[in-house]
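Single-structure report; data block below.
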Amino acid sequence: MNIPAELKYSKSHEWVKELEDGSVLVGITDYAQDALGDLVFITLPVVGDATTAEESFCDVESIKAVSDVICPVSGTIAEVNEGLADEPEKLNSEPYEAWIAKIENITDKGELLSADEYAAFLETCEEA
Amino acid sequence: MSELKRTILHDVHVELGATMVDFGGWDMPIQYPSGIVEEHLYTRNFCSLFDVSHMGRLVISGPDQVAFLQHVLSSNVLALDLNQAQYCIIPNETGGAVDDAYLYRFEEGNYFLVINAANIDKDLAHLEAVAKDYDVTIENISDKLAAIAVQGPKSKDLLISMLNGAQPTAEPVRNALSTQTIDGRTVRLAKTGYTGEPLGYEMYVPSEDAAYFWKRLMDLGARPAGLGARDTLRLEAGLPLYGHEMGINKYGEDTQIFAVPLAKFAVSFAPAKGDFIGRAPLEKQAAAFREIMNRDFSHIADLPYKIRPIALLERGVLRAGFPVYRNGEEVGYVTSGTMVPYFTTEGEGLDTTILDEKSRRSIGLAYLKSDLLDDDHVQIDIRGKRMDAVVVPYHMRNDAPPFARPILWRPEEEDAAAPAENYAAKAQELLAKAAENHTWRQRDCINLIPSEMTPSPAVRLLCAADPAGRYAEHKKVKAFYDSEVFYYQGTKFIDYVEQLLSAEMAKYLGCTEAETRVLSGQMSNMAVFSALMDFKNRVDRKRNPVRLGYILNNHIIRGGHLSAQPMGALHDYVAVDPVTEKPMVVNFPVCADDPYRIDVEATKTVIDQYKPELIIFGKSMVLRKEPVAEIRQFVDEQNIPTTIMYDMAHVLGLVGKHFQEPFKEGAEIVTGSTHKTFFGPQRGVIGVNWKKEDLKYGLWETIETRTFPGSVSNHHLGTLVGQLMAAYEMNCFKDEYQSAVIRNAKSFAQSLKEAGLDVAGDPSMGYTETHQVIASVGYGCGPEVAERLERNNIIVNYQATPNEEGFTASGALRMGVSEMTRFGFGPDEFRTLANLIADCVLHGKEVGEEVKALRANFTEPRYCFTDKELDGALEQLSKVLGL
């Protein structure tokens, strides 16, 4: 399981990349894409909408089911990765390149884990 | 929670890294590490394996087995021949489904029924309750037999390689079954499946052999696919799943059987089924269904909803349960829906190429109000958003094997306003293109289409002369001692021509009478079938005419004429057997070691069993003589009343001592087309060999009246005059022409074989006894190879052999030597040609210029009269016509 050291993680399996200007990129982790299976559709968030940490902000669909993606931070959607609408399979093939949204005006970062902490958390997930 | 059940292949799935889920109480693989998308696409592109051993497998035996199954299933069990399977539904008393099932007949003495895994207990309880009134045994053999579905375009190749070259089933048709031995193990094979693949099999093997065969198939290149892909594949194919498209629906009602599109095939009301479970409500549904199909919705309450395929037109994914609206009114809901992947294509028709590039589309099945039509737009509520979708006739087609082809809905394109037309320019372009085509076909190409011929210059000139464009309806009148009475003036010349032509054709065929007004071989057959039916009903015309009973013919897949099939000219003349509910047609059995040859002894058994009213010899893929004399002798000895007809369309020009003399051998009727091996323009002919005193002379007179006024009014007088010249040419030159054709065909076959091609037929008789030569070029490669040869100026037919699924899967070339023989080709030229074909087909060489050069010395037809022999009469007519 790939867990890049420079990223932060949520317990709902999203990753967060902190950018220099204070905004963040958000995507789903390798573990998440593997568990969800082949992703065939994404309903992207809308630019300008507010997000709330630990609440759903978009959904991804596999062949079998729809799953909510939880926003790890509170803020405003600054940009979305339009390319994923045509190629949702990138969420499977390169989960850490396939950012879903750029979020700015961050007011709350919820509970974010470091790479090591997330790795340890995944082990408890496996056991459960 | 009770322990999940496991199939015999459970450990294999776990070892392959499958994600296992609870499916109806079974621990089953939903997908393997490759994922559902790859598994789906690999099935469509190559071949996948599915463990379907969780499904229930029952054996029904005992004295009352047929009566029991007729009562408890929706289908007509008596329509099921040995080694055939049928889809059926287990109906309940109210016209809903207890389950859907597949019934197999692998052996005499019992039936094999496969039911859904989740319904095993329910189905068994139902079947056993009904069985109390019957002397039958229901044995659940699910544990003893494993089931593996092998699906996809390569499935047949893989099985053939496991069978050391043998065919998986006797005929390459859906629902065919066989019992075979592979590697010393018994395997039951069914050409069935749940993926919509045109090539797909289900194999039933003893449980202990399941892992062996799974591995064997994987070693050959098949990959495992889980229930996830099985679901997307069946959805794309539009196949129903119990619990979604059948059973209790979202509205809490039991879905009616006729709501399911397959019900049309699965439900029979044959008298032989008696009062089966659910019959009365199903008849009511069927009546409403028939009206709805005619867009009469007056009894829509009897069948308010139907399952229809729908396609989402906006971005999103259809999911089971989503409500469907039409103009704001809820008209149903999605029963199954997802996003399915497909390979994109480029090109059109036979040139369609399947690309590596993938795409995906959101499709579903929906339970919709029965008055919705194809192409109607509906709105789907997707989590609060209304999205546009469309009702489509299907999501995929499997009628161009070996691939299943996704069908994407496209809006009708509006015609752009037509620009002002310059008709003189159009006319000029047409003339130029016609000249170009004529030059190409007559000067540059070598034509090997066995059903084509270039008529002589004299025939062509006569075809253009008056009376082309005239009418000459005529009929025998008894009051004038059967004199022909013409309905139009100016027809004395054509009267003269027709009388001479009938006499020439009767002389050529060796019979007493010939009808020459028919315009094609197909029309010849239709006139004969119509006459046979009319003759059968002649003594009582106050009732609906009775159609023809059993007819013995050559199966289309073994080269039989389309014009002698129920889908062709027999369509309106052959009865349906009330027991089997199929057209009353049986086929000549063929020899196991030579599918091009009729098995005479087996044919005798078939004749004895069916007592056919009509026996039709003749084929369009023909390498052998037909055993007319043997069958004539048999029916005479056995006193079987029948009529023996020989459709000689392809071999009409070969009638004689070098091939066959049909009337001498005992045929009563010969039909044919006059432009294949014969020298004529494109017309038909019917010959019969009855004399005035014979009972069947009345049938001849009926053939005449079913020709005119039955089939033609204007019988194309121009080509009729040309035909007389062709008949003169044939009667004059037939001995040398026919012997040259047969010699050339054998020599061409031998040369092709020596050049490395796979030539069909028996080498001991020179591969062929006709003008035809058949060469295999690889399964499904026929169309591509034929196209390549055309680019190289060689014109052939691609053709499906008896083991292939149809024209798109065809792997053979059908070639005829008659036209090039007429242009003067001999064994040397055919040897050169065989080498050029081998260079092009086997070695990928461009040979177009060499072909052109070979053709250049052979552009004038032989076996006809030169203008010199005719004292310049040809030149004179040409001047008169101004041509």
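Just so it is clear, none of the values below were taken in a lab; they were calculated from the coordinates. Everything quoted here is computed from the prediction, not taken from an experiment. Here Cβ is always computed from backbone atoms with ideal geometry, including for glycine, and neighbour counts include all displayed protein chains.
Some notes on this structure:
- Going from the residue with the fewest nearby Cβ atoms within 10 Å to the one with the most, B:L623, A:L44 rank A:L44, B:L623.
- Cα-derived Rg over Rh, computed across segment B:83-142 with Rh taken as Kirkwood radius: 0.95
- One decimal place: the segment B:K122-B:K492 gains 125.2 nm when fully extended, by the rule 0.36 nm per residue minus the C-alpha distance.
- Of the GluC sites (Glu not before Pro) found in segment B:662-763, those in coil by DSSP whose Cβ has at most 10 other Cβ atoms within 10 Å are B:E693.
- In plain terms, the chain from A:D68 to A:E94 could stretch by 7.4 nm, reckoned as 0.36 nm per residue minus the Cα-Cα distance.
- Kirkwood hydrodynamic radius of segment B:577-633, Cα pairs, Å: 12.5 Å
- If the convex hull is drawn through the Cα atoms of segment B:669-824, its volume per residue in Å³: 189 Å³
- The relative contact order of chain B, computed from alpha carbon pairs under 8 Å that lie at least 6 residues apart in sequence, is 11 percent.
- Two-site label geometry, B:R295 and B:K478: point separation in nm, points 7 Å out along Cα→Cβ: 4.8 nm
- Principal axis dimensions, largest first and in whole angstrom, of the protein assembly as shown by Cα: 108, 72, 60
- Coarse-grained scattering of segment B:416-531 at q = 0.09, 0.12, 0.19 Å⁻¹, given as base-10 log I(q)/I(0) from a Debye sum over alpha-carbon atoms: -0.46, -0.75, -1.24
- In the distance distribution for segment B:571-669, Cα-Cα pairs more than 17 Å apart total 54 percent.
- A viscosity of 0.692 mPa s and a temperature of 37 °C, combined with the Kirkwood radius over C-alpha pairs in the Stokes-Einstein formula, give segment B:387-452 a diffusion coefficient of 185 µm²/s.
- In sequence order, calculated HN-Hα J values of segment A:89-97 (Karplus, 6.51, -1.76, 1.60; Hz; x Gly/Pro): 5, 4, 4, 7, 7, 9, x, 8, 8
- Largest-first principal axis extents, alpha carbons of chain B, Å: 101, 66, 65
- Inter-chain shielding of B:33-42 (mean C-beta neighbours from other protein chains, 10 Å cut-off): 3
- Note on A:29-39: average number of Cβ atoms from other chains within 10 Å of each residue's Cβ is 2.
- Separation of segment B:324-399 and segment B:79-133, taken as the distance between their Cα centroids, equals 31 angstrom.
- Listed from fewest to most Cβ neighbours within 10 Å, the set B:F265, B:F865 follows the order B:F265, B:F865.
- Close amide H partners of B:V21, meaning residues 5 or more places away or on another chain with modelled amide H under 5 Å apart, are B:M28, B:I30.
- Whole-number D in µm²/s for segment B:493-573 (Stokes-Einstein; Kirkwood sum over Cα pairs; 10 °C, 1.306 mPa s): 108 µm²/s
- Ellipsoid semi-axes for segment A:16-110, based on the Cα gyration tensor and the rule √(5λ), read 22, 13, 12 Å when sorted largest first.
- Computed over every Cα-Cα pair of segment B:589-743 and binned at 10 Å starting from 0, the pair-distance distribution P(r) comes out as 10, 34, 36, 18, 3 percent.
- Under 5 Å, built H, 5+ apart or other chain: amide partners of B:V392: B:I310, B:A311, B:D375
- Under 5 Å from the amide H of B:L368 lie the amide H atoms of B:K306, B:I307, B:R308, each residue being 5 or more positions distant or on a separate chain, with H modelled from the backbone and absent for Pro and chain starts.
- The fraction of all Cα pairs in segment B:508-634 landing in successive 5 Å bins from 0 to the largest distance is 2, 10, 18, 21, 21, 17, 8, 3, 1, 0, 0, given as whole percents.
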